[in-house]
């Protein structure tokens, strides 16, 4: 008579527990990497806005939207400087906040974009800060 070999219930339960522990560790790490990769689109949008802002300043000797002191403007399309965020998959709008000091040489501004709700970028927020005389910086504000 042949002996039937197989796994015992204990062995199967141990394998299930190990797989569960591995998934508890790997899923948050995976989500973090997905958010970082999606945030690259937001960084590209903010860098594009900054590049067009510098071109606008070189042509007109004034920063775009610098006259709207402490005002927050939300947009997806700005034809004056050629920005169209509507084509992006995860970041299709941005908010612009210009802060003007006593003279036009001290202008500074920040531009924020947030991931579209219901996408992989939901909860991701990026801000570009520019201060006259310094290199601009892009900061990831939050993430799930």
For the range 5-99, the Cα-Cα pair-distance distribution in 10 Å bins from 0, as whole percents, is 14, 28, 19, 12, 10, 9, 6, 2, 0
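For 8, 73, 113, what ranking results if the residue with the fewest other Cβ atoms within 10 Å of its Cβ goes first?
Details: 8 8, 73 13, 113 27.
Going from least to most buried by this count: 8, 73, 113.
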Can you compute the helix-only [θ] at 222 nm over the chain? Use -39500 (n - 2.57) per DSSP H run of at least 4 residues, normalise by all residues, nearest 500 deg cm²/dmol.
-13500 deg cm²/dmol
Stretchable slack from residue 77 to residue 32, in nm (0.36 nm times residue separation minus alpha-carbon distance):
13.3 nm
Would you list 26, 98 from fewest to most Cβ contacts within 10 Å?
26, 98
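For each of 116, 83, 18, count neighbouring Cβ atoms within 10 Å of the residue's Cβ, then give the residues from fewest to most. Numbers along the way, then the final one.
On the way: 116 16, 83 21, 18 10.
Taking fewest neighbouring Cβ atoms as first place, the list is 18, 116, 83.
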Counting only DSSP beta bridges with both residues in the chain, tell me the antiparallel percent, nearest 5.
95
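Each reported figure results from applying straightforward, stated rules to the coordinates on display, with no laboratory input. What you see is a predicted model, and the numbers here were worked out from it, not measured in a lab. Cβ: placed from backbone, ideal geometry, glycine included. Neighbour counts: every protein chain shown.
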